[in-house]
Amino acid sequence: MSELRLENVRKEFGSETAVSELSLTADGDLLVLVGPSGCGKSTTLRMIAGLEQPTDGKIFIDGEDVTRRSPSGRSIAMVFQNYALYRTMNVRKNIGYGLKHSSALSKSERIEKVEEIAEMFGISELLDREVSALSGGQKQRVALGRALVRDPDVFLLDEPLSSLDAKLRSQMRTELQRIQQELGVTTIYVTHDQKEAMTMSDRLAVMNDGELQQIGSPEATYVRPENRFVASFLGSPAMNFLDIDVERRNGHTRYLLDSHELVRVSDDTQAIDRPIQLGIRPEDLTLLDDPDDGATTGTVRHVEYQGNDSFVRLEVNGRIVTCVVPASVRPRQGDSVGLNFPPDQIHLFDMDAGDAIRSPSVDASDTRIETGPSTTEGNETDSRGANR
Amino acid sequence: MTVRENVANGFRIVLDGHRRSSLLSRIGFYVATALTLLFSLYPFYVMFITSISTNESLYSRDRGVIPKSFTLEHYEVIFGSGSFPVQTYFWNSLSVALVTSVIALVVSILGAYSFTRLDYPGGTLIRRGIIVVYMLAAITLVIPLFQLLVRFDLVDTKTSLYITYTVKTLPLTLYILWNYFRSIPVEIEEAAFIDGYSRLETIARVIVPVSLPVLVAAFLFSFKIAWNEYLFASVFLQSEALYTLPIGIETLDSAFQNVWGEIMAASIITTLPIIVMFLYLEKYMVEGLTAGAVEG
C-alpha cells in the first residue's frame with residue numbers, strides 16, 4: 001500500500017485556474033473524484049500521472065516528492081476513457097509493452113506476468129487477438145490489464161467505464177472494486193457520474209470550479225453535504241431547494257415559504273439573520289393523502305414511474321418540488337396532495353455563500369431506519385397542533 | 001477498398017438510383033462520364049499511339065485516330081542511341097525523387113507532430129507560413145532560390161534539387177500529416193509516456209505505425225511532384241549528366257529531327273513508374289485516407 005498526498009496543488013492554464021489549492025490524501029483505498037465537466041477532476045488526475053505539471057504545490061507518493069518526475073518515473077498506471085490501446089499490436093503485446101521499460105523482469109517473467117494479469121481479468125483466451133477485433137468491454141479489460149500488470153503504487157482511472165453500455169458498466173464496476181480490494185492498490189477514480197461515484201468509492205471527493213468541495217465517505221457526503229453544490233450534485237433526482245424566511249417565536253423556529261409554515265423546529269438555537277435556502281431530498285418528503293388544515297399542499301404536475309418507485313413533481317406555491325414515493329402510491333396529475341417536511345431531514349444553506357447551516361444531525365444509517373412515514377406524520381401533526 | 005472498387009461502387013449507386021429515373025437523366029450521366037474520361041484519357045492515348053506509330057504515318061496528312069502500322073523504332077532510338085542517355089536521366093530522376101520524398105517525409109512527420117502536440121513560440125506563424133508558401137507559384141520562387149544556390153555554390157548539383165524539391169513538397173506533406181495527426185487521440189501517446197517511452201520513441205513506435213497509410217500517401221504525392229518537376233531542374237541544372245527525365249525529354253527536341261515519336265516514347269517511360277507505383281500503393285492510400293477511428 002502506498003500513500004498518495006497532494007499538498008496545495010494548483011494548476012493554471014493561461015489565466016484560467018483549473019485546480020486551486022487542492023490537498024488530499026489516499027492510502028490503499030478507492031478515492032473517487034467526482035464533479036461536473038470542467039471541475040478540474042481530470043486535470044488533477046493528469047497532474048498525479050505527471051502528464052501535466054502543477055503550477056504550484058507538491059505531489060508525494062510514499063512520502064517521496066514526485067512533483068517534477070516524468071510519468072514513467074513515479075510508479076503510477078493510468079486507464080483512459082477511450083482505452084488508448086496500441087492498435088498495431090495484439091493483446092499480449094499491449095499488456096506487456098510497458099513492462100519492458102518499467103521493470104527489470106526477464107522475458108519469461110514478463111510472459112508469466114502478462115498471463116497472470118490476463119487471467120485476473122478473464123482475457124486469457126484473447127491474448128493473441130488483435131485489439132481491433134475486440135469489443136468495447138474486452139478492450140477496457142485489456143486497458144486495465146495493461147495498467148495493473150506493472151504493479152503500480154497508484155492506479156489512476158479517468159472515466160474508464162463511460163464508453164460501455166449500462167449493463168457492462170455495472171458489471172465492470174463490481175469487478176474493478178473486487179480487484180482494487182484484492183490488490184489494495186491506492187486508486188484514484190475520476191467520474192462525472194455521481195451514482196457511479198457513490199457506489200464505488202471508499203471515499204468521495206466532490207469538486208467544482210477547480211475547488212475541492214467536500215471529501216468523506218459517500219454516506220457522510222450524501223447525508224451531510226457541506227454546501228449547496230455538494231447537496232445538489234449528489235442524488236438523483238436532485239435535492240429540492242426553496243427560498244424561505246425564518247421566524248423565531250416562543251423558542252420555536254418556523255421556516256416559512258411565502259409566509260406559509262413549512263416546518264417548525266424547536267431545537268434550533270442558531271441565530272439566522274441572513275437569506276436562507278431550505279433543502280430537502282426528494283426521498284425524505286412524504287405525501288399525505290388527507291392533509292390537515294394549514295398543512296403544506298401541492299398540485300401534482302407530473303408522475304414518472306420508475307418501476308420500484310415514482311418521481312412526483314408537485315407545484316407548491318408556484319415552485320416545483322420533486323418527491324420520491326413508493327410505486328404503490330399512484331397520484332394522478334392535477335391531484336391536490338399534502339406534503340410533509342420532516343424536521344430532522346431539513347438542510348439549510350446560506351443563500352449567498354451556499355454553505356450548509358444546518359444538516360440532518362443523525363448518522364446516515366440511523367436516519368433511514370428511523371424515518372418511517374408514521375413517525376414523521378406524527379411529528380407533523382404534533383407541530384401543527386402546537387401551532388394553532 | 002481500392003480506388004477501382006470505389007469507382008465501381010459509385011457507378012452502381014448512380015445506376016441503381018437511376019433505374020427508376022428518366023432515360024434523359026441516365027443519358028446525361030453517361031455523357032458526362034464519357035466526356036470526363038475522354039478529356040482525361042485522350043492525351044495518354046495520343047502519347048501511347050504516337051510512341052508506337054511509324055514516322056510515315058505520324059507525319060502523313062490522312063492520319064487517323066487509329067494508326068495503320070505499328071513500330072517500336074522510337075523506343076529503340078531512345079534506348080539504343082548514345083545521344084539520349086535514358087538510363088542516366090532515369091536514375092537521376094529516381095534518386096532526386098527518392099531523396100526528396102524521404103527527407104520531406106521525415107521532416108514533415110516531426111513538423112506535423114509538433115504542430116499538433118507542442119506549443120512553442122511562433123508556432124502559429126510557422127503554420128500559417130507553410131500554407132502561404134504552398135500557395136505561391138513555383139515561378140515566383142525560382143529567382144530567390146537561384147540566388148541562394150549561387151551563394152552556397154550549389155548550382156548545377158543534385159543537392160540543389162534535393163533542397164529545392166523538399167522546399168516544394170514539404171508544405172503538402174506537412175499539411176496531409178498535420179490533418180491526420182490531429183485525429184489521433186493524445187491518450188495513446190500518454191499511455192506510451194506512462195509506459196516509459198520518450199517523445200521520439202513514441203513518435204517512432206506509436207504514431208508512425210498508426211499513420212502508415214497516410215505516410216504512404218504523403219510519400220507518393222511528394223515522389224510524384226519531384227519526379228515530374230521541370231521548372232527548377234531546367235533552371236538549376238546545366239550538365240547533361242545531371243538531367244532528370246522531364247528536362248531530358250526536352251533535349252530530344254534539339255538532338256533529333258522528326259522527334260515526336262521519340263518524345264512520346266520517352267514520356268511513356270517517364271509516366272510508367274508513377275502509374276505502377278500508384279497502382280501498387282493505392283490500396284494503402286485509400287485505407288489511409290478513409291481510416292476513421294484510430295483508437296485500438
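Before moving on, here are some points about what is shown:
- Within the stretch B:192-213, the residues that satisfy the criterion of being within 11 Å of chain A (Cβ to nearest Cβ), out of contact with any Gly (no Cβ under 9 Å at 6 or more places or on another chain) and touching a residue at least 60 places away in the same chain (Cβ under 8 Å) are B:ILE207, B:VAL208, B:VAL210.
- Of all residues in the stretch A:76-99, those that are more than 8 Å from chain B (Cβ to nearest Cβ) and either free of Cβ contacts under 8 Å to residues at least 60 places away in the same chain or more than 25 Å from A:GLU182 (Cβ to Cβ) (or both) total 8.
- Test: residue in the stretch B:182-191 that is away from chain A (no Cβ under 14 Å) and either assigned to a helix (DSSP H, G or I) or crowded, with 20+ Cβ neighbours inside 10 Å (or both): yes
- Candidates are the residues of the stretch A:54-75 that are in contact (Cβ under 8 Å) with a residue 24 or more places away in the chain and surrounded by fewer than 19 Cβ atoms within 10 Å (Cβ to Cβ); the one that is nearest to the other protein chains (Cβ to nearest Cβ) is A:SER75.
- Look at the stretch A:167-185: where a residue is under 12 Å from A:GLY137 (Cβ atoms) and assigned by TED's automatic domain parsing to the domain that holds A:VAL149, no partner that is outside any helix (DSSP H, G or I) and of a type in the set (Gly, Ala, Ser) sits 6+ places away or on another chain with Cβ atoms under 6 Å.
- Within the stretch A:100-110, the set of residues being small (Gly, Ala, Ser), more than 10 Å from chain B (Cβ to nearest Cβ) and not in a helix (DSSP H, G or I) comprises A:ALA104, A:SER106.
- Residues that are among the small types (Gly, Ala, Ser) and more than 10 Å from chain B (Cβ to nearest Cβ), drawn from the stretch A:111-132: A:ALA118, A:GLY122, A:SER124
- Any hit, the stretch B:55-68, residues being touching a His at 6+ places or on another chain (Cβ under 9 Å) and polar (S, T, N, Q): yes
- Taken over the stretch A:179-192, the residue count meeting the criterion of being within 19 Å of the chain's Cα centre (by Cα) and not polar (S, T, N, Q) is 4.
- Of all residues in the stretch B:104-118, those satisfying the criterion of being in a helix (DSSP H, G or I) and surrounded by fewer than 16 Cβ atoms within 10 Å (Cβ to Cβ) are B:VAL106, B:VAL107, B:LEU110.
- Sole exception among (1) over 30 Å from A:VAL79 (Cβ atoms); (2) within 14 Å of chain A (Cβ to nearest Cβ) for B:ILE130, by number: (2)
- Within the stretch A:301-321, if we keep just the residues that are under 17 Å from A:ILE244 (Cβ atoms) and of a type in the set (Val, Ile, Thr), the residue that is nearest to the chain's Cα centre (by Cα) turns out to be A:VAL321.
Let's see how each residue does on (1) part of a helix (DSSP H, G or I); (2) of a type in the set (S, T, N, Q); (3) under 29 Å from B:THR157 (Cα atoms):
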| position | (1), (2), (3) |
| --- | --- |
| B:GLU76 | yes, no, no |
| B:GLY82 | no, no, yes |
| B:LEU94 | yes, no, yes |
| B:ALA97 | yes, no, yes |
| B:VAL102 | yes, no, yes |
| B:TYR120 | no, no, no |
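Rundown of residues vs (1) surrounded by 20 or more Cβ atoms within 10 Å (Cβ to Cβ); (2) of a type in the set (Lys, Arg); (3) modelled with pLDDT of 95 or more, yes/no style:
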position: A:ARG228; (1), (2), (3): yes, yes, yes
position: A:HIS260; (1), (2), (3): no, no, no
position: A:SER266; (1), (2), (3): no, no, no
position: A:ARG274; (1), (2), (3): no, yes, no
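- Within the stretch A:111-126, tally of residues that are assigned to a loop (DSSP other than H, G, I, E, B) and either modelled with pLDDT of 90 or more or of a type in the set (A, V, I, L, M, F, W, C) (or both): 2
- Residue within the stretch B:243-254 that is in contact (Cβ under 8 Å) with a residue 12 or more places away in the chain, in contact with a Leu (Cβ under 9 Å, 6 or more places away or on another chain) and within 14 Å of chain A (Cβ to nearest Cβ) present: no
- For A:GLY251, the test of being touching a helix residue (DSSP H, G or I) at 6+ places or on another chain (Cβ under 8 Å) and either outside the structural domain of A:MET351 (by TED's automatic domain parsing) or surrounded by fewer than 18 Cβ atoms within 10 Å (Cβ to Cβ) (or both) is failed.
- Any hit, the stretch A:193-205, residues being in contact with a strand residue (DSSP E or B) (Cβ under 7 Å, 6 or more places away or on another chain) and among the β-branched types (Val, Ile, Thr): no
The rows are residues; the columns are (1) surrounded by fewer than 21 Cβ atoms within 10 Å (Cβ to Cβ); (2) within 20 Å of A:GLU159 (Cβ to Cβ).
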position	(1), (2)
A:VAL91	no, no
A:HIS101	yes, no
A:GLN140	no, yes
A:LEU144	no, yes
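- Residue check, A:LEU256 assigned to a strand (DSSP E or B) and either surrounded by 17 or more Cβ atoms within 10 Å (Cβ to Cβ) or in the same structural domain as A:LEU45 (by TED's automatic domain parsing) (or both): no
- Failed criterion for A:ARG129 (all others in (1) modelled with pLDDT of 90 or more; (2) under 22 Å from B:PHE193 (Cα atoms); (3) surrounded by fewer than 17 Cβ atoms within 10 Å (Cβ to Cβ); (4) among the basic types (Lys, Arg) hold): (2)
- Verdict on B:THR164 being out of contact with any strand residue (DSSP E or B) (no Cβ under 7 Å at 6 or more places or on another chain) and free of Cβ contacts under 8 Å to residues at least 24 places away in the same chain: no
- Looking at the stretch A:155-222, the strands (runs of 3 or more DSSP E) lying wholly inside it that each contain 2 or more residues that are at pLDDT 95 or above, β-branched (Val, Ile, Thr) and buried (at least 18 other Cβ atoms within 10 Å of the Cβ) sit at A:186-191.
The values are calculated or read from the model by the stated rules, or taken from the named source; none is laboratory data. For clarity, every value in this text was computed on a predicted model and none was experimentally measured. Here Cβ is always computed from backbone atoms with ideal geometry, including for glycine, and neighbour counts include all displayed protein chains.
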